[in-house]
């Protein structure tokens, strides 16, 4: 089990505006997979090899955030950074074992940093519908000290949506944009960015309850070839193409 010792404070700058800062120190022992793996892994389509000589992984981290909420408007921006001693990660060696690429668990000093942003705002009232806009964004950078990038770190991603919220019907359309990822390590391939367009329509047939709903959803409407950089198999297994489904949901 990892251990963590956080400390921090928050301060109200104004009505509905709060700033916070925290510092943490964490330690964890290597997992059994990181220590003892030595064979093919079907899920990653790779031959994985651990190292029984690994020491514990430790890190110092800091996080700062600014949050605003007033009259239905909300904004939250968080920045973070961590410094690792004995950071454990898995990388391609460029070798082949049992007709699979050989991935080796390694341990080095590393640094990560990034940000997360989310916001929402009421836009209009049209008939019986509240029109709300929302946006989220996140980015992470990670680098091995004295070396290259940490493998499989996702690039900048931005997701924006518009939603019409009614008493019995909700409609939503959203666009997800993901940047190219060219910050790669040895034997790792870059990943081209993509844009996905999704939409959904939810109907609640019973006027006095929200426990029963029917949803018509269309994901990746334009059938884009999209690949997640964090995936071991992204070079030959893309995300699902156009996907249209009807879902019924009930809760008690």
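Bear in mind that the values in this text are calculations on the coordinates, not laboratory data. Nothing here was measured: the structure is a model prediction, and the numbers come from that model. All Cβ positions, even for glycine, are placed from backbone atoms using ideal geometry, and neighbour counts span all protein chains on display.
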Inset, instruction - Quick one: divide the alpha-carbon radius of gyration of the chain by 2.2 N^0.38 Å and tell me what you get. - result: 1.24
Legend entry - Label point at residue 243 placed 7 Å out along Cα→Cβ; residues across the range 185-206 whose backbone nitrogen lies under 13 Å: 197-199
Inset, instruction - Any chance you could run the full-extension gain for residue 197 through residue 162? It's 0.36 nm times the residue separation minus the Cα-Cα distance, nm to one decimal. - result: 11.4 nm
Legend entry - Residue-averaged 222 nm ellipticity for the chain, from DSSP H runs of 4+ at -39500 (n - 2.57), nearest 500: -500 deg cm²/dmol
Inset, instruction - Given the peptides 6-12, 215-221, arrange them by the average over their residues of other C-beta atoms within 10 Å, most packed first. - result: 215-221, 6-12
Legend entry - Cα gyration tensor category, rounded, prolate or oblate, for the range 152-231 with a/c compared to 1.5: prolate
Legend entry - Rel. contact order, % - alpha carbon contacts under 8 angstrom, at least six apart, the chain: 11 percent
Inset, instruction - Sketch the reach of a paramagnetic label on residue 12 as a point 7 Å from Cα along Cα-to-Cβ, and name the residues of the range 46-70 whose backbone nitrogen lies under 12 Å away. - result: none
Inset, instruction - Using a 10 Å cut-off on Cβ atoms, rank the peptides 102-110, 199-207 from the highest mean neighbour count down. - result: 102-110, 199-207
Inset, instruction - For the range 38-53 and the range 147-190, compute the distance between their C-alpha centroids and round to whole Å. - result: 28 Å
